[in-house]
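The values are calculated or read from the model by the stated rules, or taken from the named source; none is laboratory data. Treat the numbers as computed from the prediction; the structure is a model and nothing was measured. Cβ: placed from backbone, ideal geometry, glycine included. Neighbour counts: every protein chain shown. Please note that ligands, DNA and RNA were not included when accessible areas were found on the heavy atoms of the full protein model with its side chains. Shrake-Rupley method; radii C 1.70, N 1.55, O 1.52, S 1.80 Å.
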Amino acid sequence: MSERSVDYLLIGGGMASAYCAAELRKRGAEGSIMLVGREPEPPYERPPLSKQYLRGLSGRADAYVKPPDWYRENQIELLTSTTVMSLDSAARTAKLQRVGEVGFDKALLATGAMVNILRVDGAQLDGVHYLRAFGNSDSIRDELEGASHVVLIGGSYIGTEVAASLRELGIECSIVMLEQLPLSRVFGDDAGRYFADLLSSKGIGLYGGEELEAFVGQTRIEAVQTKSGKQIPCDAVIVGAGVRPDVMLAQRGGLEVENGVVCDARLQSSVEGIFAAGDCCSFASERFGRLRVEHWDVAMQQGRHVAAAMLGESAPYQVVPYFYSDLSDWAAIEYVGHARNPDRTVLRGNPADGSFSVWYFEEGNLAAVLSVGRSGDLIPARGWIAAAKMPQTARDLLGDVGSDLTVLD
């Protein structure tokens, strides 16, 4: 027998668990809820770590999904700084640090993702940072005092977002990236050229097509060395080399795992009554096939869906993925849908004007749309992506920037 048991065990102290707990109570669930997270903070949003929080424009509490008192008021047992050491899916128990064994009726695995650590010479030097949690952002901010030049490794979201924040703080910085153009790996070359021009115009150095060879220094970082022979002096390095789903607990607990916790269309894992959501969830999407999406909006929506599924709803998770980011106040980036290997793209608008969208097609169907300053284009696009059907009249008008796509069906 377990030392204690709960009706709903939510493993992972991020947005998916917080929104699942809130939705359970909103829908009238009266059972006991335990939310367990490794970090010392209650669940919070991560985007401010590279933006407002890093720049000192917001505090920790501003990023909280719910204030700490909310959990007590809603009879949700919140355990921070607590590691779930093991999961037994057959016995429906979990062993918690300092708490002991806890039995459960239903569980959510929202263990998130882990940053990819670079294994190169000099990786252990002082001044080499990764960004995933509040503590990382605090350490980076401390490093910035007196820093004259910072190098970002990676030309995706972390690299570009942090670079924009550093320039707002008046700090010189450069981005070293494998791809030729920033953000082009996801958004393609048309968008990549726009972001390259934008970042360069703000004084950010770009080293495209460069592979990291080593971090150079004695005890502290002094320069970044690329395989082509370039050496870029710096006072600090921030690595944005992507993440991988944290599936260790699920795998050891007997759940099926493949690029995430394998789930059906309801977000239920291979074991009945155990669900997954957020960065670690690889679910069967009726529209996109098997899909795993790393973004706070998806974690929020999936957390809510799991709550409904825990309470007996059988509807599949059909929300079209949505992504939002910004580079300071220079550009607002929105992306709806999911394009794996687009075979056709259509550019709508002029990137030189800072207002455009890119439409991605796969086998004739609209798969995704990127918007920079054209949010209105996403309104009809979301429905067309979900239905895998876009009217020919809309296709014909994509090149006409002044046309109103929202009136077409």
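Laid out as a table, the results:
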| read-out | value |
| --- | --- |
| Identity of the residue in the stretch 332-344, open to solvent by less than 10 Å² (accessible area, probe 1.4 Å) and of a type in the set (A, V, I, L, M, F, W, C), that ends up nearest to Ile379 (Cα to Cα) | Val336 |
| Conditions (1) assigned to a loop (DSSP other than H, G, I, E, B); (2) open to solvent by 60 Å² or more (accessible area, probe 1.4 Å); (3) touching a residue at least 12 places away in the same chain (Cβ under 8 Å); (4) not acidic (Asp, Glu): number failed by Leu347 | (1) |
| Spans of strands (runs of 3 or more DSSP E) in the stretch 52-164 with at least 2 residues touching a residue at least 40 places away in the same chain (Cβ under 8 Å), under 30 Å from Ala191 (Cα atoms) and open to solvent by less than 60 Å² (accessible area, probe 1.4 Å) | 113-115, 128-130, 149-153 |
| Hits in the stretch 238-272 - residues which are on the phi > 0 side of the Ramachandran plot and in contact with a Ser or Thr (Cβ under 9 Å, 6 or more places away or on another chain) | Gly242, Gly254, Asn259, Gly260 |
| Residue in the stretch 262-278 that is in contact (Cβ under 8 Å) with a residue 40 or more places away in the chain, open to solvent by 10 Å² or more (accessible area, probe 1.4 Å), within 23 Å of Asn136 (Cβ to Cβ) and not aromatic (Phe, Trp, Tyr) present | no |
| Which numbered condition Arg287 misses (of (1) in a loop (DSSP other than H, G, I, E, B); (2) open to solvent by less than 20 Å² (accessible area, probe 1.4 Å)) | (2) |
| Which numbered condition Cys281 fails, given (1) out of contact with any helix residue (DSSP H, G or I) (no Cβ under 9 Å at 6 or more places or on another chain); (2) open to solvent by less than 20 Å² (accessible area, probe 1.4 Å) | (1) |
| Residue match in the stretch 336-357 (condition: under 21 Å from the mean Cα position of the chain (by Cα) and among the aliphatic types (A, V, I, L, M)) | yes |
| Check on Asp235, surrounded by fewer than 23 Cβ atoms within 10 Å (Cβ to Cβ), in contact with a His (Cβ under 8 Å, 6 or more places away or on another chain) and acidic (Asp, Glu) | yes |
| Residue within the stretch 311-325 that is under 20 Å from the mean Cα position of the chain (by Cα), open to solvent by 30 Å² or more (accessible area, probe 1.4 Å), farther than 28 Å from Tyr194 by Cβ and in contact (Cβ under 8 Å) with a residue 24 or more places away in the chain present | yes |
| Number of positions in the stretch 1-37 that are in a loop (DSSP other than H, G, I, E, B) and either out of contact with any Asp or Glu (no Cβ under 6 Å at 6 or more places or on another chain) or at pLDDT below 95 (or both) | 10 |
| Residues of the stretch 1-23 satisfying the condition of being touching a strand residue (DSSP E or B) at 6+ places or on another chain (Cβ under 6 Å) and crowded, with 22+ Cβ neighbours inside 10 Å | Tyr8, Leu9, Leu10, Ile11, Ser17, Cys20, Ala21 |
| Among residues of the stretch 360-398, those that are within 21 Å of Gly192 (Cβ to Cβ) and either of a type outside the set (A, V, I, L, M) or open to solvent by 20 Å² or more (accessible area, probe 1.4 Å) (or both), counted | 8 |
| Hits in the stretch 215-232 (condition: on the phi < 0 side of the Ramachandran plot and either assigned to a strand (DSSP E or B) or crowded, with 16+ Cβ neighbours inside 10 Å (or both)) | Phe215, Val216, Arg220, Ile221, Glu222, Ala223, Val224, Gln225, Thr226, Gln231, Ile232 |
